[in-house]
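No lab work stands behind these numbers, since they all come straight from the coordinates. No experiment lies behind these values; they were computed from the predicted model shown. Counting neighbours? That spans all protein chains shown, and the Cβs are built from the backbone with ideal geometry, glycine included.
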Amino acid sequence: MKHTSIYRIFLTVFLSFTVSVAFAQNIEVSGKVTDEKGEPMPGVGIVDKNNPKNGTVSDLDGLYKIRVAKDGFLEFTFISYENALVPVEGKNVVNVRMKPSMEQLEKVVVIGYGTSKKSDLTGAVSVVDADDLTRSPITSVAQALQGRVAGAEFMSTTGEPGEGANILVRGSRSIEAGNKPLIVVDGVLDAVDDLSEINPSDIVSISVLKDVSSTAIYGARGANGVILITTETPDKDDARKFSVNLKAAAGISTIASKLDILDASEYAQWRNMVSRQDAIDAGKDLSAWVAPFADPASRGKGTDWIDELSQLGVYQDYHFSLKGGNKDTRYSVSFGYHDNRGVIKSSGYTRYSTLAWIDSKLTKKLRWGAKLNYTYQLTDKSPAAIGGTNTNAAIFLSPLLSTNDVWNIFGDNSTSGGVVFNNPLMSAEEVTSEAMKDATSFSPWLQYNITKNIVAKTKFTYSYRNDFTGYYSPSFLPVAAANLTGGNASRSEWKQKKFLSETTLTYNRKKKGHSIETLLGFTAEKRVTDNASVSGSGYVDDNLKYHNIAAIKNKENLSVSSYHHIRTSMSVLGRANYSYKRRYYATFTVRADGASNFAEGNKWGFFPAAALRWSISNEKWLKNAHWLNDLSLRVSAGRSGNDAVASYQSLATLTASMTNWLFGNAQELVYIPSKLENSNLTWETTDSYNLGLNFAVLNSRIVLEADAYVSVTRDLLLSMKNSQTTGFSTYFTNAGKTRNAGVELTLTTQNIRNRNFAWTTVLTMAHNRQMVIDVGNNGEIVPTYNNPRNTTQYMYGYRNGYPVNAIWGYKYAGVWHNDEEIRKNNLTHTYVSHIQDGANGTNVGRAKFVDVNNDGLLDQNDMVYLGTGDPVIYGGFQNDFTICKNLNISFYFAYSLGGKMYNLSELWMGSTTSSYNKYKYILNAWDKELRPDSDIPKAGYNDTFASDRQVHDASFLRLKNVSISYNIPIKNKKVKKYLKSTTVGVSGENLVLWKYYNGFDPDVSTSLYRLDNGSFPRPRTFVFNLSMNF
């Protein structure tokens, strides 16, 4: 027992000594972490480099405490700052000053014909990085850009796979000359016709140039803004390192929204309402009236034509790229395959893409390089119409009709209203409608460093595009069979060759705080365009489809057209950038453009611009304001032009015709004048002004970029009414003026940033107003789109003092509730209907509209301004969460507030006629006994006029994207030697839409002025993705 006690005492002493020795090897280290200006930095991660499990975080005062080996190392980490690895060296106090990462401090932005540090920009430029693009399951990069660029709108024309987008940068300036921004890919102007042609996985960054100072280097081509796309290029930093990247994504799509329209039982109820109202208006005894459908409820849900036409879409995207080289030569190659089967049967889009770069040093001063890009696209367009003006469209069809009865040509009057139609399911299966596009671009270049400061570069680009469309509707479809018209075929082929030569000379010099950079350049371009189209009807052999259009018995049913256009341009350009001690900046730009599509004497346009920037935060008297990272004011002004009109507009033209020209007893081909000459036709010109602010505080945790702008466009290129004595109804000329003004804001906040968690928010917001100052035409409205059910009524048009995208129509005033109301109105003419005979009471329950001029007539003089398609505020906001460095979660919303949408389909589906399916609200139609207070016209009448009944609030909030990705840590050194990183993730696109609008989607428009033509519904997509770097 005694020995045991002694043993225990000895063991206790020994262990105490051992522990004390271990602690003697560790010391307590404390200190303070500050930023580059000496301000405390909370949330900095401090880790024992030799024991990663031993770590801490600096407090609100930047202070920390940690026990570590006296010969150990401490690693300090913080988002947007360089990691600091500091030896302890036995010291008990270790203070650290963190340095901002060069990527954040000197972020390089691509601008026209060059690059610039973000902090040195004098103009309004927005940048979107690749990470924001590739996290979304998209076909076109335009889908990912919506809301990410303040002041830029990306509106889908349809939800069909592969379709394009209407793009506006700072709204519309022109009326007929086009408002599409210039798209520049790796320095090649107009490299693509639509953003869907570019593989998003090839893109590194996108710069959107918005103000005139930024776009002026592109002259007239940049009048509507410029979208600069930079694709993957060979690595400059480590060219000898061979690398391979594999990306794969696969998922499914479903229809995201549906219409609130009648099902079978409700449609049967509606048909009973029509029949009942017909009996009442005919003066029949209702006790003898027999309802066409004795038990509407027994019809159930019936056929949901959208459900029947829809399918589970399948999304696939694969991308392979490799890079390598040696100290003198770098190269990169990528291949992409994308396939997206649409949510409507027989719709789909496939794209194959290849991109290859090489950059090589020939001598000490001479480099050469080249880029080759090829894209092939195949689009299967669903022949089954969804909506629009096609009365065979699925949304118009009666839910009482059966999907199995494909030969139900006429239907009975109680179901289809006696309308001949093609079963859309049969159309989807039997009709061929496809488009094929292939585009090739090759750009070799040479660069010679004349001196250390002077560099000359010349580049030549050859581009070739071939767009083909083919369509065939067979002879056995119900409509063709009923009318004995045979099959219908068409095909069209559009080809363009483009030759572009660009030569630039740059000079850079820095000395004693002064920095100057100049650019001189010369460009020349030639475009040769050919188009041939042919169509015909009456085909009896459906096997040939559109492949042999000449195989037709009656050649008079053939229609052939073609054209050949040549267009050339030439430009001289220059730019000078000056800065002094990173406080004062100035940019001066000038470009002279010559274009062949204007008359002699007016071919050249001169477009100058200037910009200034004052970085106030870099002034000496603010050197102690450590909380202020950036405070800069920017101002720019300049002039741009626009020549985006068809070729030969200044020339008198002739058109071939064989109509109504008889010589002897036969029709002969003649050439007749079709357009007047205008030798004074010249450029549209836009004078623009921009005021900008950059503001960053608290270690750039709050960053604000704001701009306000105004522009005035003169000499609009317009078609004007002509005197009838000339024999021409219109002539093309320069006339009119528009004004465009707005504000835009981008706010970035790093809400939380520490060792294991970071939360960043980005908000964009923009407001734009486009007004017509003068559109000629003596101040009258110039219609641009008419009501397809009554072409004498315009729905969109231009008028002095109103927005460019003005909506027009009648002001709906409800219905006539009784005969007394009608008689009183006949004295005042406050309201008007298209029938003013109320003697027998048939006008009671009919629609009435405001009689603007009180003349008792419903005509164009009663059409009023109903709003504009332009939103009041639009943009997006994103929240990114990084957890433990490897897990990233992102939520992205797009929004639009204000603005109106014309629902064209509602002209049919909101009318109270017996034909076509309807919106459910139609069941509340006026009835003298059952619904006497309703303001919806009574059943059975066509009161379909373009009015505010079809104009709706287009505001929306969309959960556009949610993505979750995880970077799998690779700890095995043997594996890491070959596999550098692996990332897996899931993402969803177009997940939730909050809206007031009664159509499919207020953000899908067939035109720039927000017109819903019953477009293809936008899908909801879920995708799993994988990325591996070797």
Ratio Rg/Rh [Cα only; Rh per Kirkwood] for the chain:
1.03
Please give the helix 264-281 orientation as an angle from the longest Cα principal axis of the chain, in degrees from 0 to 90, rounded to the nearest 10.
30 degrees
Taking a cut-off of 17 Å between Cα atoms, list the lysines near LYS118, but don't count ones fewer than 8 places away on the same chain.
LYS107, LYS210, LYS581
The base-10 log of I(q)/I(0) that the Debye equation returns for the range 107-231 at q = 0.20, 0.21 Å⁻¹, one scatterer per C-alpha, is -1.18, -1.31
Three semi-axes of the equivalent ellipsoid, the range 262-311, Cα gyration tensor, whole Å, largest first:
29, 11, 5
Using amide H atoms built in the peptide plane, which far-off residues or other-chain residues are under 5 Å from GLY31 H to H?
TYR64, VAL94
Largest-first principal axis extents, alpha carbons of the range 247-358, Å
97, 25, 18
In the chain, with Lys and Arg counted as +1 and Asp and Glu as -1 at Cβ, which of these residues, LEU355, VAL804, TYR831, has the Cα nearest the positive end of the dipole, that is, farthest along it?
LEU355
Just need the Rg to Rh number for the range 908-1030, please, alpha carbons only, Kirkwood Rh.
1.31
Using the per-residue mean of other Cβ atoms lying within 10 Å as a proxy for protection, in what order, highest first, do the peptides 502-512, 365-375 fall?
365-375, 502-512
Using the basic label-point model (7 angstrom from Cα toward the beta carbon), what is the LEU957 to PHE499 distance in nanometres?
5.7 nm
To check my understanding: the extent here is largest minus smallest coordinate of the Cα atoms along each principal axis. What are those three numbers for the range 484-529, in Å, largest first?
86, 20, 7
Cβ-based charge dipole, the chain, positive-most Cα from TYR997, LEU930, VAL975:
VAL975
Just how far, in whole angstrom, is the range 145-217 from the range 220-286 if you go by their alpha carbon centroids?
20 Å
The range 581-652: mean projected area of Cα convex hull, nm²
6.8 nm²
If you filter the range 239-282 for chymotrypsin sites (Phe, Trp or Tyr not before Pro), then keep DSSP loop positions with at most 12 other Cβ within 10 Å, what is left?
PHE242
For GLU677 and PHE891 in the same chain, what is the full-extension length gain: residue separation times 0.36 nm, less their Cα-Cα distance, in nm?
71.5 nm
For a quick check of your reading of the filter: which chymotrypsin sites (Phe, Trp or Tyr not before Pro) in the range 594-627 sit in a DSSP loop and have no more than 12 other Cβ atoms within 10 Å?
TRP627
State the antiparallel share, in %, of DSSP beta bridges confined to the range 408-567, rounding to the nearest 5.
100 percent
Given the Cα atoms of the range 720-803, and with Rh set as the inverse mean 1/r over their pairs in the Kirkwood sense, what is Rg to Rh to two decimals?
1.35
Here the Cα Rg-to-2.2 N^0.38 Å ratio for the range 835-914 is 2.09
Based on the Cβ-Cβ distance from TYR689 to PHE1022, what FRET efficiency comes out when R0 is 41 Å, to the nearest 0.05?
0.35
Among 645-653, 127-135, 900-908, 980-988, how do they line up from the highest to the lowest mean number of other beta-carbon atoms within 10 Å?
900-908, 127-135, 980-988, 645-653
Here is the link list: LYS345/LYS995; LYS32/LYS117; LYS811/LYS938; LYS65/LYS91; LYS241/LYS974. Which ones come out longer than 21 Å on Cα distance?
LYS345/LYS995; LYS32/LYS117
Remind me, what semi-axes does the range 496-604 give for its equivalent ellipsoid, largest first in whole Å, using sqrt of 5 times each Cα gyration tensor eigenvalue?
56, 17, 11
Go ahead and run the numbers for FRET between TYR318 and THR458, Cβ-Cβ distance against an R0 of 41 Å, rounding to 0.05.
0.70
What full-extension length gain, to one decimal in nm, is calculated for ALA550 and VAL57 as 0.36 nm per residue of separation minus the Cα-Cα distance?
169.6 nm
Per-selection metrics, the range 543-607 (Cα): Rg and Dmax in Å
26.1, 80
Degrees, to the nearest 10: 2-25 long Cα axis against longest axis of the chain
70 degrees
Which whole-Hz ³J(HN,Hα) couplings does the range 289-306 yield from phi under the Karplus relation 6.51 cos²θ - 1.76 cosθ + 1.60, θ = phi - 60°, glycine and proline marked x?
6, 10, 5, x, 10, 5, 9, x, 4, 5, 6, x, 7, x, 8, 8, 5, 5
Checking rank on 568-574, 323-329, with mean other Cβ inside 10 Å and highest first, the result is 568-574, 323-329
Per-residue HN-Hα couplings for the range 511-527 [Karplus 6.51, -1.76, 1.60; θ = phi - 60°; Hz; x = Gly/Pro]
7, 6, x, 8, 9, 9, 9, 10, 9, 10, x, 9, 10, 9, 9, 9, 10
Value in Å of the Kirkwood radius, where the range 881-938 supplies the Cα pairs that are averaged
15.8 Å
Size of charge dipole - the range 924-999 - debye, nearest 20, with Cβ of Lys, Arg +1 and Asp, Glu -1, no other charges:
1580 debye
